[in-house]
Amino acid sequence: MAEPIRVLVTGAAGQIAYSLLYSIAKGDVFGKDQPIILILLDIPPMLPVLDGVVMELQDCALPILKEVIPTDKVEVAFKDIDAAILVGSMPRKEGMERKDLLKANVAIFKTQGAALDKYAKKTVKVLVVGNPANTNCLIASKSAPSIPKENFSCLTRLDHNRACSQVAMRCGVSSDQVKNVIIWGNHSSTQYPDVHHAKVNLQGAETEAYQAIKDDAWLRGDFISTVQQRGAAVIKARKLSSAMSAAKAICDHMRDIWFGTKEGEFVSMGVYASGNSYNIPEDLIYSFPVQIKNKTWKVVDGLPINDFSRAKMDATAAELVEERDTALDFLSQ
């Protein structure tokens with residue numbers, strides 16, 4: 001049996017974690033024969049809830065789950081971890097300005113970045129889920145200077161999966177018959193879901209998405225706004241934010257980091273925007289198409305970009321630059 005790996009989930013008493021922890025603990029993410037020690041971090045008032053989560057994990061009687069450690073202390077949570085899934089963040093409350101939200105989250109992710117720097121393995125893979133995810137990820141990375149920037153990513157896989165699903169439903173195929181959709185930019189309503197490079201498998205033949213769908217107006221209109229606004233639509237319907245689909249996307253994202261992407265396919269991931277071929281400003285966490293091998297991602301460079309896409313990619317980059325600059329102001333205070 002392999003050595004156990006230590007996996008940290010923050011915000012572990014919340015609803016995304018509740019959907020996520022079972023999948024991790026039964027081997028869907030790191031492999032069916034990879035023993036796991038789960039470390040669950042949350043704030044002190046949530047510790048009683050966390051005890052209930054621990055009991056449930058124990059009651060699942062999962063063979064690879066070796067230990068579950070609930071805690072409210074960063075020095076316990078971040079110690080020697082192999083993977084960190086940072087779900088916990090300050091949610092936006094009614095009447096709250098985005099700036100107020102940023103300020104609260106800068107404080108959280110500065111603390112967590114410093115804890116990663118001090119206690120975690122230098123090889124740790126860090127996935128930031130808590131919103132605003134791209135900028136929170138950047139703050140965590142800047143607060144952990146001894147850990148390579150490439151080890152940090154933020155979740156845009158949920159948007160990616162949403163885009164795949166919309167295309168699949170439109171074509172009357174299952175979602176695994178759609179590949180290479182791209183989410184560019186920020187995990188916000190300015191993100192750009194792009195299917196100019198996507199392929200759909202129709203009766204065994206790979207077809208360009210635009211050819212398969214034959215409805216340019218939909219692809220440039222309702223498709224984009226549906227993916228951009230999907231989170232808000234779920235909240236309106238459920239009165240709660242996406243949890244099951246977010247947990248599935250986290251699993252997809254981490255499994256791809258661990259085991260790599262399929263040959264000829266790419267996925268969307270918010271990663272460090274240095275030296276990219278798309279003229280995206282440096283020093284941002286921006287969602288790109290990536291391929292992953294040996295736990296290392298690489299941006300898929302050189303895809304042709306038309307004027308329609310260019311404008312949308314630049315708009316979401318501009319929002320990220322503004323977010324970053326605001327957050328860095330708070331970071332330096």
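What Cys residues in the chain are without a partner cysteine, judged by a Cβ distance under 4.7 Å? Cysteines lacking a close Cβ partner in the chain: Cys60, Cys164, Cys171, Cys251.
State the percentage of accessible surface on region 156-323 attributable to carbon and sulfur atoms; use a 1.4 Å probe and exclude ligands, DNA and RNA.
It is 51 percent, rounded to a whole number.
The trypsin sites (Lys or Arg not before Pro) of region 99-135 meeting both criteria, a DSSP state outside H, G, I, E and B (loop) and at most 15 other C-beta atoms within 10 angstrom of the site's C-beta, are Lys122.
Label positions at Gln229 and Glu206, each projected 7 Å from the Cα along the C-beta direction, are separated by 3.4 nm.
Within the chain, antiparallel bridges make up roughly 50 percent of the DSSP beta bridges whose residues both belong there.
Along region 169-184 the Karplus relation, 6.51 cos²θ - 1.76 cosθ + 1.60 evaluated at θ = phi - 60°, assigns HN-Hα couplings of 4, 5, 8, x, 10, 7, 5, 6, 8, 10, 9, 6, 6, 10, 9, 9 Hz to successive residues, with x for each Gly and Pro.
Working note: Debye formula, equal point scatterers on the alpha-carbon atoms of region 5-154, no solvent; log10 I(q)/I(0) at q = 0.11, 0.13, 0.14 Å⁻¹ is -0.39, -0.55, -0.64. Centroid-to-centroid, using Cα positions, region 160-179 and region 105-137 are 32 Å apart. The P(r) of region 156-323 has a tail past 22 Å containing 42 percent of all C-alpha pairs. Accessible surface calculations at 1.4 Å, restricted to protein heavy atoms, place the chain at 45 Å² per residue. For the chain, modelled as a GNM whose springs connect Cα atoms under 10 angstrom apart, the maximal fluctuation among Ala104, Ala246, Ala25 occurs at Ala104.
Percent of alpha carbon pairs in region 188-281 separated by more than 15 Å? Percentage above 15 Å: 75.
Which of Cys60, Cys171, Cys154 ends up with the largest GNM mean-square fluctuation for the chain, with Cα atoms connected below 10 Å? Comparing Cys60, Cys171, Cys154 in a Gaussian network model of the chain, the most mobile one is Cys60. Taken over region 81-161, the ratio of Cα radius of gyration to 2.2 N^0.38 Å equals 1.08.
Cross-link pairs exceeding 31 Å in C-alpha to C-alpha distance, out of Lys32/Lys99; Lys125/Lys236; Lys32/Lys142; Lys79/Lys103; Lys26/Lys298; Lys32/Lys262, comprise Lys32/Lys99; Lys125/Lys236; Lys32/Lys142.
The values are calculated or read from the model by the stated rules, or taken from the named source; none is laboratory data. Since we're looking at a predicted model, the values are computed, not measured. Methodologically, a virtual Cβ is constructed for each residue, glycine included, from the backbone with ideal geometry; neighbour enumeration extends over all protein chains shown. Surface accessibility is based on the protein's heavy atoms, side chains included, excluding ligands, DNA and RNA. Shrake-Rupley method; radii C 1.70, N 1.55, O 1.52, S 1.80 Å.
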